[in-house]
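J.: Take this structure first; my questions come after.
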C-alpha cells in the first residue's frame, strides 16, 4: 500500500508537467515514465515541492558514509546549463547524456550519481527524459 493515493500521485505529476508546459504528444510518448513517477510518489520516494522541485528520497543513500539520502531536481533547465553539463559527453552516449542532465538538475557530480542504485537511478532517468532537447 502506498503512502500517497494513486489519484493524488497522478495529480502531482500532472501539476509538474503542466508547470513545465509539456505537450500532449510528449506526454503520450513518455507515458510509461509518467506512470513510474506516479508510482514513486505513491511509494513516498518522490515529493513535488511547492516550487515545483521534485525531491527524491533515495532508497539506497550514497556518498561518503551514505550521507546523501535525497536528490532535489530543479523544475527548469536552460540550454546553457545542459551544454555545460554535457561537456565531454559523446552525442551517441545516451546514458552519459541522461547522467549529465540529472547532474545539471540536481547539482550533484556525476561521480556521486554513478553510485546510485539502479532503483534510485530509474526515478532520476524518468525525470531527466523531460529535459532532453528535441
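Only the coordinates and a few stated rules stand behind these numbers; no lab work does. Since the structure is predicted, the reported quantities are computational estimates derived from the model, not experimental observations. Here Cβ is always computed from backbone atoms with ideal geometry, including for glycine, and neighbour counts include all displayed protein chains.
J.: How large is the translational diffusion coefficient of segment 2-43 in µm² per second when you combine the Kirkwood radius over alpha carbon pairs with Stokes-Einstein at 4 °C and 1.567 mPa s? Don't jump to the answer; show the numbers that get you there.
T.: Values: Rh = 10.3 Å.
Reported coefficient: 126 µm²/s.
J.: Taking only C-alpha pairs under 8 Å that are 6+ residues apart, what is the relative contact order of segment 6-131 in percent?
T.: Details: 136 pairs, mean separation 28.1, N = 126.
About 22 percent, as a whole number.
J.: OK, next. How much mean residue ellipticity at 222 nm does the chain get from its helices, if each DSSP H run of length 4 or more adds -39500 (n - 2.57) and you divide by all residues, to the nearest 500 deg cm²/dmol? Spell out each step's value before the answer.
T.: Numbers: 7 runs with 68 residues, N = 134.
Mean residue ellipticity, 222 nm, calculated: -14500 deg cm²/dmol.
J.: For residue 110 and residue 18, FRET efficiency with R0 = 35 Å and r from the beta-carbon atoms, rounded to 0.05? Don't skip to the end; give the middle numbers.
T.: Numbers: r = 30 Å, r/R0 = 0.86.
So the FRET efficiency works out to roughly 0.70.
J.: For residue 64 and residue 3 in the same chain, what is the full-extension length gain: residue separation times 0.36 nm, less their Cα-Cα distance, in nm? Spell out each step's value before the answer.
T.: Numbers: separation 61, 0.36 × 61 = 21.96 nm, distance 2.90 nm.
Using 0.36 nm per residue and subtracting the Cα-Cα distance, I get 19.1 nm.
J.: Roughly what would the spin-label model give for residue 84 and residue 28, points 7 Å off Cα along C-beta, in nm?
T.: Output for this residue pair reads 3.7 nm.
J.: One-quarter of the Cα convex hull surface for segment 6-131, in nm²? Present the calculation step by step, with values, prior to reporting the outcome.
T.: Details: hull surface 30.9 nm².
Average projection, Cα convex hull of segment 6-131: 7.7 nm².
J.: Report the FRET efficiency, 1/(1 + (r/R0)^6), for residue 50 and residue 134, where r is their Cβ-Cβ distance and R0 is 41 Å, rounded to 0.05.
T.: Numbers: r = 29 Å, r/R0 = 0.70.
After rounding, the FRET efficiency stands at 0.90.
J.: Based only on other Cβ atoms within 10 Å, what is the fewest-to-most ordering of 35, 28, 42? Kindly include the intermediate steps, with their values, before the conclusion.
T.: Working: 35 14, 28 9, 42 20.
Ordered from fewest to most neighbouring Cβ atoms within 10 Å, 35, 28, 42 come out as 28, 35, 42.
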